[in-house]
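The values are calculated or read from the model by the stated rules, or taken from the named source; none is laboratory data. Here the structure is a predicted model, which is why all the values come from computation and not from measurement. Glycine gets a Cβ as well: all are built from the backbone with ideal geometry, and neighbour counts include every protein chain shown.
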């Protein structure tokens, strides 16, 4: 079986990437709200994802207020899709045929 990507396998990093896969970009406060992470933990995890090349983080100012905007990179999109595919290798054999039929056409079991 394919090894699960340890960068993505963290619960918070997986949540961040899942959110970013469905959006062109989003800001730090939106991610904080959706993940219910602390500011410090979210900041650390965003840095790890950026260092891995999976996301791009832009820090700007909106008036006098700082604004951090995150977007997924192409490498991040590929890594996320590969992660989901690897996860499928673990999940599908563990469930019965009926449950696998239910997953058809979803991200966990696309095109089958």
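Check the range 29-44 and report whether any residue there is assigned to a strand (DSSP E or B), without any contact (Cβ under 8 Å) to a residue 60 or more places away in the chain and in contact with a helix residue (DSSP H, G or I) (Cβ under 9 Å, 6 or more places away or on another chain). There is no residue in the range 29-44 that is assigned to a strand (DSSP E or B), without any contact (Cβ under 8 Å) to a residue 60 or more places away in the chain and in contact with a helix residue (DSSP H, G or I) (Cβ under 9 Å, 6 or more places away or on another chain). Residues in the range 24-42 that are within 16 Å of residue 72 (Cα to Cα), surrounded by fewer than 16 Cβ atoms within 10 Å (Cβ to Cβ) and modelled with pLDDT of 95 or more: 25, 27, 30. The set of residues from the range 1-13 being without any contact (Cβ under 8 Å) to a residue 60 or more places away in the chain and either on the phi > 0 side of the Ramachandran plot or in a helix (DSSP H, G or I) (or both) comprises 6, 11, 12, 13. Would you call residue 52 out of contact with any helix residue (DSSP H, G or I) (no Cβ under 9 Å at 6 or more places or on another chain) and either within 15 Å of residue 18 (Cβ to Cβ) or surrounded by 12 or more Cβ atoms within 10 Å (Cβ to Cβ) (or both)? Taking the combined requirement at face value, the residue does not satisfy it. Between residues in the range 51-65 that are in contact (Cβ under 8 Å) with a residue 12 or more places away in the chain and residues that are surrounded by 11 or more Cβ atoms within 10 Å (Cβ to Cβ) and in a loop (DSSP other than H, G, I, E, B), which pairs lie under 7 Å by C-beta distance while being six or more apart or on different chains? As it stands, the answer is 53/73; 54/73; 55/73; 56/73, since those pairs meet every condition given.
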